[in-house]
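Taking it in order: structure first as structure tokens, then the write-up.
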Amino acid sequence: MTSNKTKIFIDGQHGTTGLQIHDRLKDRPDIELLELPMAERKDLAKRAEIARAADIAVLCLPDAAAKELVAALGDADTVVIDASTAHRVADGWTYGFPELSKQHRQALLASKRIANPGCYPTGAIALLRPLVDAGLVRADSTPAVFGVSGYTGGGKELIAVHEQPDVEPFGLYGMELTHKHVPEMKKYSGLSHAPLFVPSVGHYAQGMLVIVPITRDITTRKIDAKDVQQVLGERYAGERFVTVRPFADKSWLERDRFLRADRLIDTNSMELAVYANPAEQQILAVASLDNLGKGASGAAVQTINLKTGVDEATGLTVA
């Protein structure tokens, strides 16, 4: 970067993700936040001008608006971190999940166009990619992925719904099986077919669980749950933000039975765990994270830290 302070422009800073990124950066002495007057926030030329003046531009925008600004920037030297789904699987963009592989941080350091991960895919990819790489899960299989998120994952519109009385306590959605997060799950898990993804929303604000059954029809051979545990443990050994719980751990369960979806809120941590019923050869892999933390704003700040050369946990909370 060209000065003592990194200049950052958050386009869409008043949305759910943008607000949280702003809150994590606003008091940092190494960061200068650039802002447009309210009257200019929909002016594409003004937005492009201030983005070019920034070292890093973070786009917390609808897909169409993100594509519009990226097109206006052209080959500008600004590092762009796009939190929309517009460029998640686009050529020339690097996926903003530093823990994707042992070499991925170097790819992020070399890139000026970074696609911030989706919340559900962060959990699904963290579970599936190591198992595909290790040859336990077949790349040509169709894993099932189940997820539940707090309603903040749906942005202002869904938040408004859940602030009203008589809203559903829990609901499945994406019943057409074409959820916008599926392409990145497929690509970065190393799969040749789209996973079967079933998302849901609970009547609580933040927090997320992502569940992947490791069934016999997706594995390359008969495997033991301890194989899954070992692969995940080795992949994330030494990582601060992604940790693997002990096998069949009950210590994080409420009353030894219930795994809360909101246990890691306001942190950038993600915890993975493996459970099994050996008698039936059944294995379950689970990821727990905050949909607005490691699944959105925290992930963006982690990438900002990586790009600016400060400690990766600066401004972030670790559980």
| query | Being of a type outside the set (A, V, I, L, M), buried (at least 18 other Cβ atoms within 10 Å of the Cβ) and within 24 Å of Phe9 (Cα to Cα), is that true of even one residue in the stretch 55-74? | reply | yes
| remark: How many residues of the stretch 102-122 are under 20 Å from Leu59 (Cβ atoms), polar (S, T, N, Q) and surrounded by fewer than 20 Cβ atoms within 10 Å (Cβ to Cβ)? The answer is 1
| query | Could we say that Leu177 is under 25 Å from His193 (Cβ atoms), aliphatic (A, V, I, L, M) and touching a Phe, Trp or Tyr at 6+ places or on another chain (Cβ under 8 Å) here? | reply | yes
| Odd one out for Phe258 among (1) farther than 25 Å from Gly154 by Cα; (2) without any contact (Cβ under 8 Å) to a residue 24 or more places away in the chain | (1)
| task | Pull up the stretch 229-270, narrow it to residues that are among the basic types (Lys, Arg) and exposed (fewer than 14 other Cβ atoms within 10 Å of the Cβ), then point me to the one that is nearest to Gly147 (Cα to Cα). | result | Arg257
| query | Would you pick out the residues in the stretch 279-319 that are in a loop (DSSP other than H, G, I, E, B), under 28 Å from Gly154 (Cα atoms) and of a type in the set (A, V, I, L, M, F, W, C)? | reply | Leu292, Ala313, Leu316, Val318, Ala319
| Taking the stretch 115-145 on its own, how many of its residues are assigned to a helix (DSSP H, G or I) and either more than 26 Å from Val301 (Cα to Cα) or out of contact with any helix residue (DSSP H, G or I) (no Cβ under 6 Å at 6 or more places or on another chain) (or both)? | 7
| query | Any idea how many residues of the stretch 164-208 are surrounded by 14 or more Cβ atoms within 10 Å (Cβ to Cβ), touching a strand residue (DSSP E or B) at 6+ places or on another chain (Cβ under 9 Å) and either free of Cβ contacts under 8 Å to residues at least 60 places away in the same chain or within 20 Å of Thr17 (Cβ to Cβ) (or both)? | reply | 17
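Taking the stretch 272-313 as the region of interest, how many residues are among the aliphatic types (A, V, I, L, M) and free of Cβ contacts under 8 Å to residues at least 12 places away in the same chain?
Residues meeting the conditions: 1.
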| task | Taking only the stretch 147-198 into account, find how many residues are in contact with a helix residue (DSSP H, G or I) (Cβ under 6 Å, 6 or more places away or on another chain) and within 16 Å of Leu127 (Cα to Cα). | result | 10
| said: Exactly one condition in (1) under 26 Å from Lys102 (Cα atoms); (2) not in a loop (DSSP other than H, G, I, E, B) is false for Ala276; which is it? | reply: (1)
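Each reported figure results from applying straightforward, stated rules to the coordinates on display, with no laboratory input. None of the values given here were measured: they were computed from a predicted structure. With ideal geometry, Cβ positions are generated from the backbone for all residues, glycine too; neighbour counts draw on all protein chains shown.
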